[in-house]
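Step one of this worksheet: look at the structure below.
The values are calculated or read from the model by the stated rules, or taken from the named source; none is laboratory data. Bear in mind that the values here come from a model prediction, so they are computed numbers and not experimental data. Every residue, glycine among them, receives a Cβ derived from its backbone with ideal geometry; neighbour counts consider all protein chains shown. Each accessible area value is taken on the protein alone, full model and side chains, heavy atoms only, with ligands, DNA and RNA left out. Shrake-Rupley method; radii C 1.70, N 1.55, O 1.52, S 1.80 Å.
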Amino acid sequence: MRIAFLNPQGNFDPTDRGWTEHPDFGGQLVYVKEVALALGRQGHLVDILTRQVVDERWREFAGAADAYPDGDTVRILRFPCGPPGFLAKEALWPVLSEWVEHIAEFYEAGEGAPEVLTAHYGDGGVSAVLLQERLGLPFTFTAHSLGAQKLDKLRREGDSVSSLVERFRFDKRLAAERVSMARAAKVIASTTQERLGQYGHPAYRGAVDPADDRKFWVIPPGVNLEVFDAAVRHPVEARVAEKLESTLRRDLPESRRGLPLVISSSRLDRKKNHVGLVRAWGVDSGLLAAANLVLILRGSPDPIRRRASAFSGEALSILDEVATVIEREGLEGAVVAFDLDSQAELAACYRLLAQRHRGVFCLPALFEPFGLALLEAMAAGLPVVATDSGGPSESLREGEREFGILVDPLDPSDIARGLRRLVTDEHEWRRFGRAGRKRVRDRYTWEQTATGYMHAFKEILRGGGAPDPTFRRPVFFADPARDDLTQEALEAIYPLSEAPTEAESV
């Protein structure tokens, strides 16, 4: 089958250049690359369509075509889109019609169009709508994240609607998401919760019905087992081992150095609940006696004690709260901060903790849409404790079978309960470590993600799916000179003057 991925923002090249250097180069690029390569390994011909960038800072993105070293069935095709230099994703809306025009001309002049498109993020989605109008191609839509949830969060933090629309172009983004959902033959979600919860937001009423089984297809993302599997050995293993052991010798009293280690690895974001995790040690003397906590905080070799030089804003505020809890509860000898530089180092650290330190991975987020980090740790052999709010409730449960331990993220004592179950019982620790790794290998690989997409594509080409070709597209996305999507139009689909209810925010 011939397949094309539409992803105008961010960029792709054989070295994955910039994936940690710009906020637009995030998880959706990893997702698109891995699914595309997995489809290529299955024998399909895949084009990743993105924006051409002619910019001294991003020289890798200037060529019209590129390929991955071992992916001869996968092409990276770059097309002009507005001014030649790099543009942030919020600036792409007015030039997407030009990008689509170049793509259409390429396929019309060459070997013919792909059989099906898969569009990613709102800008990829509305580009698929325009390309469908030109070439008649069916498409799937994968949002990765939805603008309504981000808008809710920023509104709760006190930003004005007008400033948010001006800064993030939520008027364009929500309109793009709505028309993408409506016109898509299938909407791809990572979990049932994402399908029912996020797409059920009031902002998307009238565009999509999350209860429509013809429209939705749930396909979980995968884990790169070449990086995270327990059996992998990487050149950084020895360096990571020395770095961790020296940190433990420096920061842990000798009496605590043999205790199991609980590891948490996530960015400093309020919803990741670092403070609640540390409080678990303060409220449960049994956990304090049984285990130490290792916080992976990238950007500083000693992030808690020297946080001011490496962090600012919300991240610094969270670290201040963590330090306050440590001091108030007398946890100075039980909490260690550790810095890692790459995915390879993180995977090596997971394996080291599983093999030498009876390690446990903990993800206590207030809400976690999917939880890929959780599955990466499981692949490396670590048993896991995770929030019961969001995707982990699906990945760690199947009927009565447990593949990890779910806890209430709002209750530090419940977090402690889940952790004690593993750090105080070696039999349970080994059982969950084996069960978690098998769960990932059986269900959460990129090959299985690709197979899920292929099933969706085949059903679409047989006439399945539920596209709504009558759903009105704002003329702005085909003719930037006619911007008919004003803030008043946005208010009509999303009453911004009203504070979102708690259910809507979730």
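When the trypsin sites (Lys or Arg not before Pro) in region 16-113 are filtered for DSSP coil states and for at most 15 other beta-carbon atoms within 10 Å of their beta-carbon, the remaining sites are ARG17. For the chain, the mean residue ellipticity at 222 nm estimated from helices alone is -12500 deg cm²/dmol, where every DSSP H run of n ≥ 4 contributes -39500 (n - 2.57) and the total is divided by all residues, rounded to the nearest 500.
Rounded to the nearest Å, what's the spacing between the alpha carbon centres of region 418-473 and region 1-79? Just the number, please. So the two Cα centres are separated by 23 Å.
For HIS102, the accessible surface of its heavy atoms amounts to roughly 60 Å² (probe 1.4 Å, protein chains only, rounded to the nearest 10). Judged by the gyration tensor of its Cα atoms, with axes a ≥ b ≥ c, region 4-144 is rounded; a/c sits under the 1.5 cut.
Note that region 169-180 has calculated 3J(HN,Hα) couplings of 6, 5, 4, 6, 5, 5, 5, 5, 5, 5, 5, 5 Hz, one per residue in order, obtained from phi through the Karplus relation 6.51 cos²θ - 1.76 cosθ + 1.60 (θ = phi - 60°); glycine and proline are x. The H on the amide N of ALA386, modeled in the peptide plane, is under 5 Å from the matching H of LEU363, ILE405, LEU406, VAL407, each at least 5 residues off or on a different chain. Which entries in LYS89/LYS153; LYS33/LYS186; LYS150/LYS172; LYS150/LYS438 show an alpha-carbon gap greater than 24 Å? As for pairs spanning more than 24 Å Cα to Cα, those are LYS150/LYS438.
In the chain, the longest principal axis of the Cα atoms and the axis of helix 237-251 are about 50 degrees apart.
Loop-resident GluC sites (Glu not before Pro) (DSSP state other than H, G, I, E or B) in region 313-406 with no more than 10 further Cβ atoms inside 10 Å of their Cβ: GLU400. Applying the criteria of a DSSP loop state and at most 13 other Cβ atoms within 10 Å to the GluC sites (Glu not before Pro) of region 84-171 yields GLU111, GLU157. The angle between the Cα long axis of helix 27-41 and the longest principal axis of the Cα atoms of the chain comes to about 70 degrees, rounded to the nearest 10. The alpha carbon convex hull volume per residue for the chain rounds to 151 Å³. For region 1-76, the Kirkwood estimate of the hydrodynamic radius, built from every pair of different alpha carbons, is 12.5 Å. Projected area of region 443-483, taken from the Cα convex hull and averaged over every viewing direction, in nm²? Hull-based average projected area comes out at 5.0 nm². Helix 446-461 versus the longest principal axis of the chain: what angle, 0 to 90°, nearest 10, using Cα atoms? Computed tilt is about 30 degrees.
Positive end of the dipole of the chain (Cβ unit charges, origin at the Cα centre): among SER163, PHE139, ALA238, the Cα lying farthest that way belongs to ALA238.
For region 244-387, the Cα-based Rg and Dmax, in that order, read 14.0, 39 Å. Note on the chain: antiparallel DSSP beta bridges, both residues inside, total approximately 10 percent of the bridges counted.
Here region 156-309 is treated as an ellipsoid with the same Cα gyration tensor; its semi-axes, largest first and in whole Å, are 42, 22, 17. Expressed as a whole percent, the proportion of Cα-Cα pairs in region 389-460 lying more than 19 Å apart is 49%.
What area, in nm² and to one decimal, does the C-alpha convex hull of region 386-426 cast on average over all directions? Taking a quarter of the hull surface, the average projection is 3.0 nm².
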